[in-house]
Each structure stands twice: as structure tokens, then as C-alpha cells.
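Heads up: the structure comes next, in C-alpha cells.
The values are calculated or read from the model by the stated rules, or taken from the named source; none is laboratory data. Everything quoted here is computed from the prediction, not taken from an experiment. Cβ placement follows ideal geometry from the backbone for every residue including glycine, while neighbour counts extend to all protein chains displayed. With ligands, DNA and RNA removed, areas are computed over all heavy atoms of the protein, side chains included. Shrake-Rupley method; radii C 1.70, N 1.55, O 1.52, S 1.80 Å.
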Amino acid sequence: MKFIFWQNVISIHQSAFIKALSKEHQVTLVAAEDLTEQRRADGWSIPEMGEARIIMNPDKSEIDALLESGGDIQHVFSGIDAFPMVYKAFRMAIDKGCDVSVMLEPYQWQGFKGFLRRCKYALHALRYSKHIKHIFATGDLGVRSFLKAGFPAQKLHQWGYFTEQTEITSPQQNAKPKMVFVGSIDR
């Protein structure tokens, strides 16, 4: 089986999964850019993607070629309309009748802004859900948020982000515990 992942950047959150998948399958990762300036400032680096073929910032003819490459190909999009190149390829894939899946992070549905976001995703559900084979929503909150927007339950699957496993060493006795916060505070 062949997989084509469409992303805005080469993501550390999906590198372990894509690397493992590329050991057994033909995997192509299409990204608008290697890494955003904000991620570089946060200390990120471009992750190793194993055997996956990487295509950077494709033009329309390259996107067309990827969508017409034939065979048993699963196209997996990071988001629906969050990133211009990904959204363009997503719409083109639907127009061409490709097998389309999406990875979606939960959205906040509380308050007025949350109501507007839910309306946006409800419109996406009406317009696109019949064309989407699978929706991989991040965590239980992701599944609930897209159920609230009207996506079919049978297409929703709980998903997560994965990073490389690092070697774990036992702490020395009498050592002071150390804690690390990995993440960011959204405003």
C-alpha cells in the first residue's frame, strides 16, 4: 500500500509514525516548508523520516502528478483548511476521487468564537464528510469536537502524536527528581 501525507511542515509529532510506516510501505511526505521560523525559534529541528520520500513546496503540476499516480494510495491530510497548500491538495484529491483521510486536532467549541468554529466544521462536515474515508482526531476531545460538528461517528478514530522513543535510564538513588514541561502555553 502507498501513503501520501500532506502537511504544512515536516512534523516531529508524526516522524516516528511515518518512519515506522515507511519500513513496510511506500510513503511520501509532501510539505509546504521544512520548518516554520517559529518552530526553529522554539528549538525544533527537522526530524529524520526514515525511508519516506519527501517533496517540498510542490507546485500545481507536482500536486496533480501525486494525485494521479494511480494504485492503492491513501492520501492523509493534516487538517482540512488550516494550511493553503494542504487545503488546495485536499480539494483536488476530492475532485479526483482519491481515497482521502484527515488528521484533525480538537477545536474549542465553547463561547461565541467556539460556536463560530463549530459552524465552520459543521459546514466542512456537510461539504466533505462523504468524501473522507477516515478522520483521525487527536484524543477523546478531538473525537467529541468533530462529533459535535456533525462528522459521522463511524469515520472518527482517536489518534495521537508520537515521538521517538528515547532510552530510559534509572535515576540514581538519593538523586533529586527533575521535571520538564514539554509544550507551549496558548494564549
Of the conditions (1) open to solvent by 10 Å² or more (accessible area, probe 1.4 Å); (2) touching an Asp or Glu at 6+ places or on another chain (Cβ under 6 Å); (3) closer than 26 Å to P106 by Cβ, I10 satisfies every one except a single condition; which number is it?
(1)
Determine whether G71 is modelled with pLDDT under 95, in contact with a helix residue (DSSP H, G or I) (Cβ under 7 Å, 6 or more places away or on another chain), of a type outside the set (S, T, N, Q) and at positive phi.
no
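Okay, residues lined up against (1) among the hydrophobic types (A, V, I, L, M, F, W, C); (2) out of contact with any Gly (no Cβ under 9 Å at 6 or more places or on another chain); (3) open to solvent by less than 30 Å² (accessible area, probe 1.4 Å):
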| residue | (1), (2), (3) |
| --- | --- |
| Q14 | no, yes, yes |
| E24 | no, yes, no |
| A31 | yes, yes, yes |
| E37 | no, yes, no |
| A52 | yes, yes, yes |
| D64 | no, yes, no |
| S78 | no, yes, yes |
The residue from F5, F17 that alone is among the hydrophobic types (A, V, I, L, M, F, W, C) and modelled with pLDDT of 95 or more is F5
Would you confirm, using the coordinates I've provided, whether K88 is basic (K, R) and exposed (fewer than 12 other Cβ atoms within 10 Å of the Cβ)?
no
Looking only at region 53-110, count every residue that is part of a loop (DSSP other than H, G, I, E, B) and either of a type in the set (F, W, Y) or farther than 21 Å from R144 by Cβ (or both) and tell me the total.
14
Flag if P58 is more than 22 Å from G160 (Cα to Cα) and surrounded by 18 or more Cβ atoms within 10 Å (Cβ to Cβ):
yes
What about A31, is it more than 22 Å from S129 (Cα to Cα), among the aliphatic types (A, V, I, L, M) and modelled with pLDDT of 90 or more?
yes
Taking I73 as the residue in question, decide whether it is in contact (Cβ under 8 Å) with a residue 40 or more places away in the chain, open to solvent by 10 Å² or more (accessible area, probe 1.4 Å) and touching a Pro at 6+ places or on another chain (Cβ under 7 Å).
no
Would you please name the residue that is modelled with the lowest pLDDT, looking only at residues in region 126-152 that are open to solvent by 20 Å² or more (accessible area, probe 1.4 Å), outside any helix (DSSP H, G or I) and in contact with a strand residue (DSSP E or B) (Cβ under 9 Å, 6 or more places away or on another chain)?
T138
Starting from region 153-175, keep only residues that are assigned to a loop (DSSP other than H, G, I, E, B), then list their pairs with residues that are among the aromatic types (F, W, Y) and at pLDDT 70 or above whose Cβ atoms are within a distance under 8 Å, requiring at least 6 positions of separation or different chains.
F162/F17
Among the listed residues P58, P84, identify the single one that is within 14 Å of W6 (Cβ to Cβ), touching a residue at least 40 places away in the same chain (Cβ under 8 Å) and of a type outside the set (S, T, N, Q).
P84
